[in-house]
Amino acid sequence: MINKRKLECACGTGKSAETCCLRVIGGQLKAATPAQLMRSRYVAYVQANADYLLQSWHVSTRPETITLEKGLLWTGLTLLSESKVIAGSAGKTGYVEFIARFTHDGVAGQMHERSRFLFEQGRWFYVDGEHGEKVISR
């Protein structure tokens with residue numbers, strides 16, 4: 001028997017991974033919205049896919065490398081809001097607010113962020129985010 005839950009995309013849409021974020025991560029589909037890019041980046045964190053995280057990060061704020069913490073397991077994503085896309089002199093900008101749940105060395109926690117995205121060269125890029133406090137349950 002196939003475990004349907006295992007085939008679902010980790011981003012929480014309920015869609016299959018192959019028809020959701022894996023197509024964006026694999027380059028078969030461009031993220032159409034900031035929320036779709038944010039969801040694909042969450043899945044990349046779940047997969048520890050540093051290459052995709054760097055590729056989807058805007059060059060103006062992209063670090064040279066990214067170190068993914070060992071012992072960190074991403075356990076769920078809740079999209080709180082997505083702003084209307086704003087067209088400006090620097091291009092289109094969009095914002096997505098979310099909560100990402102995790103366990104770190106067996107201790108549960110969550111991260112609250114409002115991320116900023118920029119549409120440039122025909123695709124969305126992550127720029128930066130305003131972080132709320134990380135909440136850790138002991």
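Here are the numbers for the structure shown:
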quantity: Hits in region 83-96 - residues which are part of a strand (DSSP E or B), over 23 Å from Asn49 (Cβ atoms) and either of a type outside the set (A, V, I, L, M, F, W, C) or modelled with pLDDT of 95 or more (or both); calculated: Gly88, Gly91, Lys92, Thr93, Tyr95
quantity: Test: Arg101 is closer than 16 Å to Glu113 by Cβ, charged (D, E, K, R) and surrounded by fewer than 18 Cβ atoms within 10 Å (Cβ to Cβ); calculated: yes
quantity: Arg116 farther than 25 Å from Leu7 by Cα, modelled with pLDDT of 95 or more and basic (Lys, Arg); calculated: yes
quantity: Hits in region 47-73 (condition: buried (at least 19 other Cβ atoms within 10 Å of the Cβ) and not in a loop (DSSP other than H, G, I, E, B)); calculated: Tyr52, Leu53
quantity: Residue match in region 5-13 (condition: within 21 Å of Arg116 (Cα to Cα) and loosely packed, with under 13 Cβ neighbours inside 10 Å); calculated: no
quantity: Flag if Arg39 is within 16 Å of Asp128 (Cα to Cα), in contact with a helix residue (DSSP H, G or I) (Cβ under 7 Å, 6 or more places away or on another chain) and surrounded by fewer than 19 Cβ atoms within 10 Å (Cβ to Cβ); calculated: no
quantity: Those residues of region 112-122 which are surrounded by fewer than 17 Cβ atoms within 10 Å (Cβ to Cβ), in a strand (DSSP E or B) and touching a residue at least 24 places away in the same chain (Cβ under 8 Å), in sequence order; calculated: Glu120
quantity: First in region 19-35 and closer than 22 Å to Gly91 by Cα, second anywhere and modelled with pLDDT under 95 and among the hydrophobic types (A, V, I, L, M, F, W, C), Cβ under 8 Å, 6 or more apart; calculated: Thr33/Val85; Pro34/Val85
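Conditions (1) within 14 Å of the chain's Cα centre (by Cα); (2) over 19 Å from Glu8 (Cβ atoms); (3) not small (Gly, Ala, Ser), marked per residue:
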{"position": "Gly26", "(1), (2), (3)": "no, no, no"}
{"position": "Thr67", "(1), (2), (3)": "no, yes, yes"}
{"position": "Leu72", "(1), (2), (3)": "no, yes, yes"}
{"position": "Ile86", "(1), (2), (3)": "no, yes, yes"}
{"position": "Gly132", "(1), (2), (3)": "no, yes, no"}
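The values are calculated or read from the model by the stated rules, or taken from the named source; none is laboratory data. These numbers were taken from a predicted model, which means no experiment stands behind them. When we count neighbours, we look across all protein chains shown, and the Cβ atoms used for this are built from the backbone with ideal geometry, even at glycine.
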